[in-house]
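Below is one structure, written out as structure tokens, with a few remarks after it.
The values are calculated or read from the model by the stated rules, or taken from the named source; none is laboratory data. Note that the structure is predicted; figures quoted are calculated from it, not measured. Glycine also receives a Cβ, built like all others from the backbone with ideal geometry; neighbour counts cover every protein chain displayed.
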Amino acid sequence: MSIEFTNSLDQNIAVLQAQFAGDNTFVTRETRSPAGLRCAVFFFDGMVNALAINQSIIRPLMGAAYAKLSADALAQSVIEINDSRVEPDSERMFASFLYGDTVILTEGDSRPVVVNTKGFSTRSTSEPEGEKVLRGPREGFTELFMSNLSMLRRRLNDPRLKFTFSRLGTRTNTVVCLCYLDGVADQALVQTVQNRLARLNPDSVLDSNYIAERIRDNRRSPFPTLGATERPDVAAARLLEGRVALVVDGSPVVLTAPCILQECFQSNDDYYISVEQAGLSRLLRYAAFLLTLTVPALYLACVLHHQELLPTRLLLALSAAQRGTPLPPVSEIFLLLIVFELLKEAGTRTPGVIGQTMSIVGGLVLGQAAVQARFISAPAVIIVAVAGVTGLALPKLQSATTVLRFALAAAAAALGLYGMVFGLSLILLHLCALDSCQTPYLLNLLPRVRTHNEDSYLRAPWFRMRRNRFLARKEDP
Amino acid sequence: MDKHIFSRWQISLCALFVLADGLFLPLDSASWLSLLCGTAAAAMLLPPLLRLPRPLLNAACTLLALILILHSIRRLFLFWQYEGTPAALATALLLLTAWLLSWRGADCLFMWSLPVMTAAGALLLLSAAVTVPDWSLRYLVLPSPAPFLRDSARAALGFLSVLLPAHLAGNAKAPAKGLLLGGGLLALLSLRALLLLGGASYAYPMYAAASLAAVGDLLKRCEIVFAAVLALCECTRIAVCFSFLRSRTAFKAAPAKVP
Amino acid sequence: MKRITAWMLLCILPLSGCSAESPLPVSAAALSRTAEGYAMTAELIRQDSLDGDAAPVYLTAEGESLSALFEDADRKLGGHFYFSHAETVLIDLTLAQDGITELAAYLAARTDARLTLRLVVARGAPAEALLQLDALGESIPGVALYELLQGLARRGDLPDLPLYKVHNALQQEERLLLPCLYQTEDGHAAAEGFAVFEQGKLAGFLSQEE
């Protein structure tokens, strides 16, 4: 959006009113001081702090003792707000204006004065639903950009913390901030992310995911190759480790890069509770990952191809449970996996208590009724429940486990353990081939580097952490 | 981060490559000893072989790769037919997996091999360990020299196929260690089969011996797990051959650095 | 989209043949020699519901050779003769006298037979009759037989001779002792004494003390 202002105030008012014709929140307030100073104040109703406009803009303008003032004099001597500036670039002026700032034009000067009067209401900070902790900080990012940056600044009280702004989205003109610790983050990494952002030309950016899907490596992979968090303590920890963070205006989700598989098994709690408890929890998460992927596949392999592996009594019980049900085990498992995903989706979309109740009703009552009606066999329900529940232990890998669970089950149904083993080896190969911003995805797990081992499979106690940086290469001066 | 091929990755890939023979080893009273001697001999012969003139080495490796692919497919196909697995479908999946393994590049294959070898080695050792109470030492007899020497030479010749991954790695030291690891495991499996089955004849003695691995009454007849692990080793072998043929390498792959 | 569809089809195609097979597992079998070749009575376990008890059912098969015998059993069950869970094979005197080398080799070569299978010689009654005797504490006589033999072997009252050891001994032409099974006065099966095999053929019996 670009407009050429002239020295005529009437003409400038007409131009702006034409530009925002049909927008009833657009407000124009003309003022004339007793000395004869004519000005026009423009703002959007609902986005500004009305008190600040009344007391710090309108009142000084009405009381000005001069008949004519330049924009510079207006910004410096009349307006009583800390952040006011003359903005000759109309694009930048519009970006601020559309975001809650007030524009003042005066007779005889074509340059507008932009005053920071942002005053829209926002959500207060709260603990993110998806990243709750038993112990530790409970603050979460909000949709308010500057507030999010302040949360980071509060935690990293270091002059080397850099915030580099850019704007993305031809229509939304969203502010994006690249944060990193200078001297800790690899400069090549910062450059890589900056280059990727510079290459983007999206129409709109309403959430950080709009950017994440565009700049991440291996876009088709079900594994996350870009980190995301709603917690400032996590984002700060990642910055300390030499990563970079992307804060997007309007989104409570902050992106971090690079992202490695190890992160998916970490939880915020790991660093706030005792090392033994954290170690056990992390081991359980590894087990949960293996179980959620392989349990349906193992069941199908045993039932369809390797019945000799099952103890006789168990085989009899499985056969008895299967007898009289209309579907073969493969269809049962696939159907139930889909139903589980549906229940999960419905539970997530349904508000609060109703969602929880519905999940319980769906899971227990439907499952029980379906088994009693001999529509499906009980072992299939148990298998899918185990796979589903263990999958919930790894929220960051949910999309990967959901997709791969189906693929492994199909491979095992076709070829038994051979199919499963080949499938698992291909998943591992995929992980070996993944990169995130030139960092191997299995960093710290496979290409083990001696100095970065304190937090790989398990976390070392804090007193043994030699450096709180797992990615950083440069020495901290 | 630079893509290094760590020496432990090379050890793992070469060990997996050697373990591919695990399902098909014959059984006699001295085969485990022949395997050990053959492994040691092949490990000693590997470095001088890698110093052969490049064109000769490339030609030999290309021929070796082609022979190994056909050999692996044939023997695994026959095994699957014997065992009752849909052989055509399994072979197709095996080739697809091997192709995808090679498609990602040699560095990825080497990296992949470390966790696979760790898991495969652990499973094979576990399957051997749980049968220890059933081992009968009376089957251990001294070998007669002539057949023993012949079998050792044959084993050494077979193990020299590790030249292929060694050539891909551009290094002899780590692959020789991998060969010793893989050969040692094969010897252990052969010894296990001997101490369990004695001199009785079986179509696939290693597979038959693995079927005796049991954990109480819960887990019995785990030979399918054993076979699946070794089929994956066979798949690795084919993937190494594909990798070599794809890059037609030697010159290209050799510069990989070992930190 | 085309690629995704192709992958999905590729995944689904191999599944087209997958269906639920609920075979009746064989728990034990009694084999005997007849004028025409071999006869087998196999004990299969059937359980119709999770609440119901498992019950034995018996199948008889005949064949000129061992492979024909098992094929006949397979044919009678519509291709679902499932021998993988069989743990005990009772050998009738007729078969023991004729020789068990071929039987041991055949069973060891079958991929579905367990190498831990136990061979036992029926004495004083036909093998198929002993197999069908009521068992104490177990509704499936074949399973009870295996538990009996396994327990005695663990206690050291019987030599621990699963199929793979029998097969090896017979191939090495070693002398072999197999446990004997007989019918007690109250109508149950019990193990007592040994059948001695020389060159794979029954050479006589030994009592427990001997």
When every residue in region C:85-107 that is among the hydrophobic types (A, V, I, L, M, F, W, C) and closer than 17 Å to C:Ala203 by Cβ is compared, the one surrounded by the fewest Cβ atoms within 10 Å (Cβ to Cβ) is C:Leu93
Region B:76-179: helices (runs of 4 or more DSSP H) wholly inside it with 2 or more residues that are more than 17 Å from the chain's Cα centre (by Cα) and either among the hydroxyl-bearing types (Ser, Thr, Tyr) or surrounded by fewer than 24 Cβ atoms within 10 Å (Cβ to Cβ) (or both) are B:87-103, B:106-129, B:145-159
When you scan region C:9-40, how many residues do you find that are part of a loop (DSSP other than H, G, I, E, B) and either modelled with pLDDT under 70 or more than 18 Å from A:Val303 (Cβ to Cβ) (or both)?
-> 9
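Residue-wise test of (1) of a type outside the set (Phe, Trp, Tyr); (2) crowded, with 16+ Cβ neighbours inside 10 Å; (3) under 15 Å from the mean Cα position of the chain (by Cα).
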position	(1), (2), (3)
A:Leu168	yes, yes, no
A:Thr172	yes, yes, no
A:Val176	yes, yes, yes
A:Ala185	yes, yes, no
A:Val193	yes, yes, no
A:Tyr210	no, yes, yes
A:Arg231	yes, yes, yes
Every listed condition ((1) in a helix (DSSP H, G or I); (2) among the polar types (S, T, N, Q); (3) within 14 Å of another protein chain (Cβ to nearest Cβ)) holds for A:Thr325 save (1)
The lone condition C:Leu130 fails out of (1) within 14 Å of chain A (Cβ to nearest Cβ); (2) farther than 21 Å from B:Asp134 by Cβ; (3) of a type outside the set (Val, Ile, Thr); (4) buried (at least 22 other Cβ atoms within 10 Å of the Cβ) is (1)
A:Leu105: assigned to a strand (DSSP E or B), in contact with a Cys (Cβ under 8 Å, 6 or more places away or on another chain), buried (at least 17 other Cβ atoms within 10 Å of the Cβ) and modelled with pLDDT of 90 or more, yes or no?
-> yes
For A:Leu397, the lone unmet condition from (1) over 26 Å from C:Ala54 (Cα atoms); (2) without any contact (Cβ under 8 Å) to a residue 40 or more places away in the chain; (3) more than 14 Å from every other protein chain (Cβ to nearest Cβ); (4) in contact with a helix residue (DSSP H, G or I) (Cβ under 9 Å, 6 or more places away or on another chain) is (2)
C:Gly156 is checked against (1) of a type in the set (Gly, Ala, Ser); (2) within 19 Å of the chain's Cα centre (by Cα); (3) within 21 Å of B:Leu212 (Cβ to Cβ) and fails just one. What number does that condition carry?
-> (2)
Tally the residues that are facing another protein chain (nearest Cβ under 9 Å) and modelled with pLDDT of 85 or more, restricting the search to region A:425-469.
-> 13
Just wondering, is there one or more residues in region A:355-370 that are within 13 Å of chain C (Cβ to nearest Cβ), free of Cβ contacts under 8 Å to residues at least 24 places away in the same chain and surrounded by 14 or more Cβ atoms within 10 Å (Cβ to Cβ)?
-> no
Region A:293-311: number of residues that are of a type in the set (S, T, N, Q) and either more than 9 Å from chain C (Cβ to nearest Cβ) or touching a residue at least 40 places away in the same chain (Cβ under 8 Å) (or both) | 1
Exactly one of C:Leu93, C:Leu158 is within 29 Å of B:Leu219 (Cα to Cα) and not basic (Lys, Arg), and that one is C:Leu158
Filter region B:85-131 for residues that are among the hydroxyl-bearing types (Ser, Thr, Tyr) and over 12 Å from B:Ser12 (Cβ atoms); which is nearest to the other protein chains (Cβ to nearest Cβ)?
-> B:Thr97
State all residues of region B:213-236 that are outside any helix (DSSP H, G or I) and either more than 7 Å from every other protein chain (Cβ to nearest Cβ) or within 21 Å of B:Phe79 (Cβ to Cβ) (or both); if no residue qualifies, say none.
-> B:Ala213, B:Ala214, B:Val215, B:Gly216, B:Leu219, B:Lys220, B:Arg221, B:Cys222
Among (1) over 29 Å from C:Leu176 (Cα atoms); (2) free of Cβ contacts under 8 Å to residues at least 60 places away in the same chain, the one test that C:Ala68 misses = (1)
Residue ID - farthest from the other protein chains (Cβ to nearest Cβ), chosen from residues in region B:186-212 that are buried (at least 24 other Cβ atoms within 10 Å of the Cβ) and closer than 20 Å to B:Met117 by Cβ | B:Leu186
Select, from C:Ala125, C:Ala109, the only residue that is out of contact with any helix residue (DSSP H, G or I) (no Cβ under 6 Å at 6 or more places or on another chain), under 16 Å from C:Thr41 (Cβ atoms) and of a type in the set (A, V, I, L, M).
-> C:Ala125
Enumeration of residues in region A:108-155 that are buried (at least 19 other Cβ atoms within 10 Å of the Cβ) and aromatic (Phe, Trp, Tyr) | A:Phe141, A:Phe145
Can you spot a residue in region A:401-419 that is facing another protein chain (nearest Cβ under 7 Å) and aromatic (Phe, Trp, Tyr)?
-> yes
Quick one: C:Glu43 ticks every box in (1) modelled with pLDDT of 70 or more; (2) within 20 Å of A:His305 (Cα to Cα) except a single one, so which number is it?
-> (2)
Please work out if B:Asp28 is under 15 Å from the mean Cα position of the chain (by Cα) and either basic (Lys, Arg) or over 21 Å from B:Ser247 (Cα atoms) (or both).
-> no
Considering only helices (runs of 4 or more DSSP H) wholly within region A:1-85, the ones with at least 2 residues that are over 42 Å from the mean Cα position of the chain (by Cα) are A:9-19, A:59-62
